[in-house]
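These notes are about the structure you will find just below.
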Amino acid sequence: LIGEEQRSNWIRLRTMILLRWVAILGQLAAITIAQRLYNLQLELGLAYLAVGTSVVGNLVAIFVFPESKRLSETENFLMVMFDLLQLCFLLYLTGGLHNPFSLLVLGPVTISATVLSLRSTITLMLTAMVLVTGMVFWHLPLRTEEGFILRIPDVFVYGQWVAIMIALVFLSAYTRRITREMNSMSDALTATQMALARAQKLNDLGGVVAA
């Protein structure tokens, strides 16, 4: 059977780069719409700095490494951890759990549960829990052009916190379980194909010997 760390090496750098470009475009669109359509007062300098860091990271990865590069377990872990920290920093700048996009924290942890080892997944999940809990108490408020603070009632904030905590645990466990079953089925199919190939070779060899 193939180990978890070996499976994590199957992920190409190009795949992670494409996923990050999608996230970058979504973040830029959200910041632009919030500022220009809804006239929210954001810390644009810090927000664009956070997005720019992802852009620079992607450009460095594109020009330094070949597209066909397979990421190791550690490289995969560091890339997903960076994405998680960058996302949480943006959420901190834009209202914390008062921001409906706070549910996107589930994304990096779900990805890690799919491709990374159990230790890496638990580390990312605990990091996400700590960051989300911190955003309940510490975040920059969302302000309108007139200076009003946009916030939801505390009971909904704590409800959102509980929902994210439960979702982090449930999605991680569910995704890992499904992925392991799929991998086990793939391993069994591969072993069967190899056994059939060996049997065919033996039959061919037997035919040659008989001749």
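Entry for the stretch 83-128 at q = 0.34 Å⁻¹: log10 I(q)/I(0) = -1.19, Debye formula applied to identical alpha-carbon scatterers, no solvent contribution. Across the options I149, Q86, P66, the greatest Cα extent toward the positive end of the charge dipole of the stretch 1-160 (unit charges at beta carbon of Lys, Arg, Asp, Glu) belongs to P66. For chymotrypsin sites (Phe, Trp or Tyr not before Pro), the sites in the stretch 49-143 that DSSP calls loop and that have at most 15 other Cβ atoms within 10 Å are W138. Measuring max minus min along each principal axis, the C-alpha atoms of the stretch 43-92 give extents of 37, 21, 9 Å (largest first). Between amide H atoms placed 1.01 Å from N, distances below 5 Å from L150 occur with L142, R143, T144, all of them 5 or more places distant or on a separate chain.
Which shape class, rounded, prolate or oblate, goes with the stretch 9-94 when its Cα gyration tensor gives a ≥ b ≥ c as root eigenvalues, a/c under 1.5 marks rounded, and past that a/b bigger than b/c marks prolate?
Numbers: a/c = 2.81, a/b = 2.28, b/c = 1.23.
It comes out prolate by the Cα gyration axes.
With coordinates expressed along the principal axes, the C-alpha atoms belonging to the stretch 8-59 extend over 44, 17, 16 Å, beginning with the largest. In the stretch 63-153, taking the dipole from charged Cβ atoms about the Cα centre, the farthest positive-side position among G134, T123, I111 is held by T123. Each residue of the stretch 132-177 gets 82 Å³ once the volume of the Cα convex hull is shared out per residue. Along the Cα→Cβ direction, 7 angstrom out, place labels at R177 and R151. What is the inter-label distance in nm? For the pair R177/R151, the computed spacing is 3.9 nm.
For the stretch 110-127, 3J(HN,Hα) computed residue by residue from phi via the Karplus equation (6.51, -1.76, 1.60; θ = phi - 60°) reads 5, 4, 5, 5, 7, 10, 9, 6, 4, 4, 5, 5, 5, 4, 5, 5, 5, 4 Hz, glycine and proline entered as x.
Any read-out appearing in this document is the output of simple, stated calculations on the displayed coordinates, not a laboratory observation. Fair warning: this is a prediction, and the values are worked out from it, not measured in the lab. Note: ideal-geometry Cβ built from the backbone for every residue, glycine included; neighbour counts use all protein chains shown.
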